[in-house]
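Colleague: Structure provided below as structure tokens; questions to follow.
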Amino acid sequence: MRIILFFCFTLSYPLGYAKDKNICLLDDLLKNTTEYKNYLLSDEENTIELEKNELSLLPDIFINSSQNSNNDRSFRSVENSGLSIGFSQGIYSGGAYKKNKNRINLNKNLNNLLLSETKNKMLLDVFSDALELEHRIDKKTLYKKQLERQTYDIRRIEAGINSGSVAKIDLDIANIRIRRLNDQINALGFEIDNLSEKLYFKYRIPKTEIRRVNYSSVRNCKTGNYKDKLKNKFNLRSDIARASNEILEATSLPSVNFAISFTPPETGNINKITTKRADFGASINVSIPVSQYFLRNTYQKQFAIDVARLKLEYDNSLEENENETRSIERRIKSLENSIETTKKSIVVERNKINYIFSRIKEGQDNIISYYQQLDTYEALQINLKEEEKELEFQKVLLYFIS
């Protein structure tokens, strides 16, 4: 029943409707999931990148101390060393600060969109798991009813054996059937516990709230339009590729720095330091990255390839969506026809059971035929429940992707 797609999300009190039916409260539960936390961490990383970009505007402070030596003069004591203190401030670097800030903000927007897609996907996953759990519970309930009926049959068969109208083999067959039903009930109990734990582990949904995950609440929690999200994701990724290319191109432009330095008066040595006087120096430095300039054409070619690849991915996603929509529509039609046929078959098989049971009373049939017919009838009931739940899921899935 599980179908992997990429979507978005929200639910309601707890997992049902709140007072305002347009409010979905599953977000409160999702905040504890690994997927949700990972997206929050990614958002924090983008915030840190913005802070780092802001700090890149600060100047660089430098301290330089040096001595010269030649054949006529050796190195002297530290106080005879030259000293220079100053700072350097970038004036122009191809607009790298603004372009980098734009790229980070685009990444933040993309992260929010991906979180929205993940929420919708998780909503479909939790609905699929909840339906699977509900199917197990329905099967267990059905088997318990069968066990009650079988227990009644045991008493009837035992009475027949005492009167000599029923063979002992019928009792053996009935006892085996009871044992098989108990085994199935126990196995389903384990499966129900496992699925309940899975729902809590993956989505933090308490066992008492699982029943609130239903067709109406899931539809109410859908966020956004699938095709719109595909288009927005393509646009954002294209913008990010463009922003990254602009940052690379900025490295090929000249950069300008302004620097101011302070040195002790006269000789500029440390032993001449005083608070009353200092020599000042100022400079403007222009750096031209020749090798990077000739790479600009290469950057443009790579950017064109990146955008073309994103466009191919976007077009393929749209085509997959159209194919998936048609496939789901056909599956829904097939399930509706099958459910109608199964319901009619259940009525016929129930009549067969009554017919065989009446023949057994008249001594014209045996318990084996009765149980074989009962198995067929019960299998149809289980199949009907399964088809109804799959139909419910397929309709929600179609609602999410169409």
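Colleague: Take the alpha carbon atoms of segment 306-359, find their radius of gyration, then divide it by 2.2 N^0.38 Å using N residues; give the quotient.
Modeller: On the way: Rg = 23.0 Å, N = 54, 2.2 N^0.38 = 10.0 Å.
That ratio works out to 2.30.
Colleague: How long are the semi-axes of the ellipsoid equivalent to segment 328-402, from square roots of 5 times the Cα gyration tensor eigenvalues, in whole Å, largest first?
Modeller: Details: eigenvalues 267, 18, 8 Å².
Square roots of five times the eigenvalues give 37, 9, 6 Å.
Colleague: Given a Förster radius of 30 Å and the C-beta distance between Phe87 and Lys276 as r, what FRET efficiency does 1/(1 + (r/R0)^6) yield to the nearest 0.05?
Modeller: Numbers: r = 22 Å, r/R0 = 0.72.
So, using R0 = 30 Å, E works out to roughly 0.85.
Colleague: Same structure, new question: What does the convex hull of the alpha-carbon atoms of the chain project to on average, in nm²?
Modeller: Values: hull surface 145.0 nm².
Averaged projected area of the chain's Cα convex hull equals 36.2 nm².
Colleague: Considering only Cα-Cα distances, which of the following residue pairs are longer than 30 Å: Lys233/Lys389; Lys227/Lys385; Lys198/Lys343; Lys31/Lys229; Lys37/Lys207? Spell out each step's value before the answer.
Modeller: Numbers: Lys233/Lys389 32 Å; Lys227/Lys385 32 Å; Lys198/Lys343 32 Å; Lys31/Lys229 22 Å; Lys37/Lys207 22 Å.
In this structure, Lys233/Lys389; Lys227/Lys385; Lys198/Lys343 lie more than 30 Å apart at Cα.
Colleague: Let me ask another. Report the label-to-label distance for Asn321 and Val307 in nanometres (one decimal), using points 7 Å from each Cα along the Cα→Cβ vector.
Modeller: Placing both labels 7 Å beyond Cα along the Cβ direction yields 2.2 nm.
Colleague: How would Val218, Val166 line up from fewest to most surrounding beta-carbon atoms within 10 angstrom?
Modeller: Working: Val218 27, Val166 19.
So the ranking, lowest neighbour count to highest, is Val166, Val218.
Colleague: Continuing with the same structure: Using packing as a proxy for protection, rank 282-291, 35-44 so that the peptide with the highest average count of other Cβ atoms within 10 Å comes first. Intermediate results must be reported in sequence, preceding the final value.
Modeller: On the way: 282-291: 9.9, 35-44: 14.3.
Ranking, from highest mean packing down: 35-44, 282-291.
Colleague: To continue, here is another question. Considering amide H positions built from the backbone, and no H for Pro or chain starts, which residues 5 or more places from Ser81, or on another chain, come under 5 Å of its amide H?
Modeller: Long-range HN contacts for Ser81: Ile270, Asn271.
Colleague: Enumerate by residue number the GluC sites (Glu not before Pro) in segment 284-383 meeting two conditions: DSSP loop (anything except H, G, I, E, B), and at most 12 other Cβ atoms within 10 Å of the site's Cβ. Please list the in-between numbers first.
Modeller: Details: sites: Glu313, Glu319, Glu320, Glu322, Glu324, Glu329, Glu336, Glu340, Glu349, Glu362, Glu378; in loops: Glu362.
Those satisfying the criteria are Glu362.
Colleague: Hey, another quick one. Any chance you could run the full-extension gain for Asn225 through Val290? It's 0.36 nm times the residue separation minus the Cα-Cα distance, nm to one decimal. Please list the in-between numbers first.
Modeller: Working: separation 65, 0.36 × 65 = 23.40 nm, distance 4.78 nm.
Full-extension gain reported as 18.6 nm.
Colleague: Could you identify which residue out of Leu147, Leu58, Leu195 has the top mean-square fluctuation in a GNM of the chain using Cα springs shorter than 10 Å?
Modeller: Leu58
Colleague: What ranking do Tyr371, Tyr200 get, fewest neighbouring Cβ atoms within 10 angstrom at the top?
Modeller: Working: Tyr371 19, Tyr200 15.
The fewest-first ordering by Cβ neighbours comes to Tyr200, Tyr371.
Colleague: Let's test the formula: R0 of 56 Å, r as the Cβ-Cβ distance of Arg204 and Lys101. What FRET efficiency results, to the nearest 0.05? Walk me through the numbers before you get to the answer.
Modeller: On the way: r = 36 Å, r/R0 = 0.64.
Step by step, r from the Cβ atoms, then E = 0.95.
Every read-out reported here was derived from the displayed coordinates using simple, explicitly stated rules and does not represent laboratory data. These numbers come from a predicted model, not from an experiment. Positions of Cβ are backbone-derived with ideal geometry, glycine not excepted, and every protein chain shown enters the neighbour counts.
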